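Structure first, then comments.
The values are calculated or read from the model by the stated rules, or taken from the named source; none is laboratory data. Because the structure is predicted, anything quoted here is derived from the model rather than measured. In this analysis, Cβ positions are derived from the backbone assuming ideal geometry, glycine residues included, and neighbour counts consider all displayed protein chains. Quick note on the areas: whole protein, heavy atoms, side chains included, nothing else; ligands and nucleic acids left out. Shrake-Rupley method; radii C 1.70, N 1.55, O 1.52, S 1.80 Å.
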Amino acid sequence: MNVITLTGRLLDEPARVDTGKGVKTTFALDVDGRRRLRIPITAWNHLAGTCATHLVRGRLIAVTGRLDHEEYTTHDGSKRERWLVTATAVTFLDPPPETGEERP
C-alpha cells in the first residue's frame, strides 16, 4: 500500500492547468518549517479545483496521497530524479484568509 500524509505550509500559489486528462493543480509544501524540504504536490479534477480556489501561500494544510518517484533528463542531458505526491485528500488546518485573497 502506497499512502503518505504530510502536514505543512504552502510555499507558492497553486498553479491550475486544464489538461486533456482533466484539471490539474500543482503546489509545493514546506514540511520542515524551514523551507529546506520542499515536496511537490499534484491534485487532479475536483480536488484540483478546490485547491486552486482556496489555497494561498502560507496556508497550513495536510495532504494525503500516493508517493511517486520520477526520473527525467534535463535540457543539458543530466539525469535527475525527484519524489512527489499525488494528492487524494487535502485538509485545511487553519481558517481561510479574511482579506478576500481566495480566488473565484
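If you go through region 11-55 and keep only what is farther than 16 Å from Thr88 by Cα and among the hydroxyl-bearing types (Ser, Thr, Tyr), you end up with Thr19, Thr53. Filtering region 5-33 to residues that are open to solvent by 40 Å² or more (accessible area, probe 1.4 Å), in contact with a strand residue (DSSP E or B) (Cβ under 7 Å, 6 or more places away or on another chain) and not in a loop (DSSP other than H, G, I, E, B) leaves Thr5, Thr7, Arg9, Ala15, Arg16, Val17, Lys24, Thr26. Please go through region 39-58 and give me each residue that is buried (at least 20 other Cβ atoms within 10 Å of the Cβ) and in a loop (DSSP other than H, G, I, E, B), ordered by number. Hit for region 39-58 is Leu55, nothing else. Within region 66-78, does at least one residue satisfy the condition of being surrounded by 11 or more Cβ atoms within 10 Å (Cβ to Cβ) and more than 24 Å from Asn2 (Cβ to Cβ)? Among the residues of region 66-78, not one is surrounded by 11 or more Cβ atoms within 10 Å (Cβ to Cβ) and more than 24 Å from Asn2 (Cβ to Cβ), which makes the answer no.
Matching residues to (1) touching a Lys or Arg at 6+ places or on another chain (Cβ under 9 Å); (2) under 21 Å from Thr19 (Cα atoms); (3) of a type in the set (Lys, Arg):
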| site | (1), (2), (3) |
| --- | --- |
| Pro40 | yes, yes, no |
| Asn45 | yes, yes, no |
| Val56 | yes, no, no |
| Arg59 | yes, no, yes |
| Thr64 | no, no, no |
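In the set Pro104, Pro96, only one residue is farther than 24 Å from Val3 by Cβ, in contact with a His (Cβ under 9 Å, 6 or more places away or on another chain) and either open to solvent by 60 Å² or more (accessible area, probe 1.4 Å) or at pLDDT 90 or above (or both); that residue is Pro96.
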